[in-house]
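The values are calculated or read from the model by the stated rules, or taken from the named source; none is laboratory data. What you see is a predicted model, and the numbers here were worked out from it, not measured in a lab. We place every Cβ from the backbone using ideal geometry, glycine too, and count neighbours over all the protein chains shown.
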Amino acid sequence: MEFQLILVVGLAVAVGLSLGLLGGGGSILMVPLLTYVAGMQPKEAIAASLFVVGATSLVGVFSHARRGSVRWRTGLVFGAAGMAGAFLGGLAGGHIPGTVLMVGFALMMVATAVAMLRGRRRPAARDGEPAGEGLPLKRVVLDGLGVGAVTGLVGAGGGFLVVPALALLGGLAMPVAVGTSLLVITMKSFAGLTGYLTAVSLDWTLVAAVTVAAVAGSLVGALLTSRVPESALRQGFGVFVLAMGVLVLTQELPSPLGLVLAVVTAALAGLLLVCRLIGAHCPLVSPLRAGA
């Protein structure tokens, strides 16, 4: 039991590191960690993940804000819409079977990994207009509601949906998109947690220990944001998330179906990596080019 706690806390540091570096990835890793290593039930793991990621993101916001990497107005508008979606998603998630939630979570991991390995385009800000300002309010609100609902329902999808949305909507540079996404994740996570706490209870001692470890990792990650090549980090992390998604599917689905999905996903991962390494054109993985 003591070794299990040490392992959980140690892995939580890695989760925090991901949040600090990428502005996401916390729940993608935290839910499987709490489910398969800490032994929590799926609904408890999702609720605990929302608390840990929310608290860790809040600390990260201030670290990034000191370097001017947070667009407060953009983050608050997106986050307010996301809170409403996350609360509704959390309410619904508390009444959905755990297996269904975990399968949905695994599919989210696979989709996230593919998006990370594909890469993304960051459009430049319009002439004379600061990046991240003058965003279309209706689109920001709708995207916030959608991302928030996913986050609240399965406890994941926060940063890896928010960061691309902020980059595509406002043309934010990666460090700014990461910092702003942490503000959004903080708001959405606590809203989703509120919804889940109507149906589950948590071991707050364990949750507190994991939170402290994740916060420590996030502080280190925030310091490394400008020093680690984002594309290399994103692709490596994408492979890891893809592997985790396969693991969850094989654990939750009946044996033949889980095995088939594992083989298909592994083949997809191989195709992604080969196309990346040789620079070949591949419809699944070719990133959007500026001006394309």
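Annotations
- For the range 190-220, taking the residues that are out of contact with any His (no Cβ under 7 Å at 6 or more places or on another chain) and in a loop (DSSP other than H, G, I, E, B), the one that is surrounded by the fewest Cβ atoms within 10 Å (Cβ to Cβ) is identified as Ser201.
- Test result for Thr186, among the hydroxyl-bearing types (Ser, Thr, Tyr) and at pLDDT 85 or above: yes
- Of all residues in the range 40-83, those satisfying the criterion of being part of a helix (DSSP H, G or I), touching a Gly at 6+ places or on another chain (Cβ under 6 Å) and within 22 Å of Ala216 (Cβ to Cβ) are Ser49, Leu50, Val53, Thr56, Gly60, His64.
- Positions within the range 46-95 being basic (Lys, Arg) and in contact (Cβ under 8 Å) with a residue 60 or more places away in the chain, in sequence order: Arg67, Arg71, Arg73
Matching residues to (1) within 17 Å of Met109 (Cβ to Cβ); (2) touching a helix residue (DSSP H, G or I) at 6+ places or on another chain (Cβ under 8 Å); (3) at pLDDT below 85:
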| position | (1), (2), (3) |
| --- | --- |
| Gly10 | no, yes, no |
| Ala14 | yes, yes, yes |
| Leu21 | no, yes, yes |
| Val31 | yes, yes, yes |
| Ala38 | no, yes, no |
| Val77 | no, yes, no |
| Ala81 | no, yes, no |
| Ala86 | no, yes, yes |
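Listed here are the residues, each with its yes/no results for (1) among the charged types (D, E, K, R); (2) within 14 Å of the chain's Cα centre (by Cα).
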| position | (1), (2) |
| --- | --- |
| Glu2 | yes, no |
| Val15 | no, yes |
| Ser18 | no, yes |
| Ala38 | no, no |
| Ala45 | no, no |
| Val53 | no, yes |
| Arg67 | yes, no |
| Arg73 | yes, no |
| Phe87 | no, no |
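- Of the candidates Met102, Met1, the single residue that is over 19 Å from Ser201 (Cβ atoms), at pLDDT below 85 and in contact with a helix residue (DSSP H, G or I) (Cβ under 7 Å, 6 or more places away or on another chain) is Met102.
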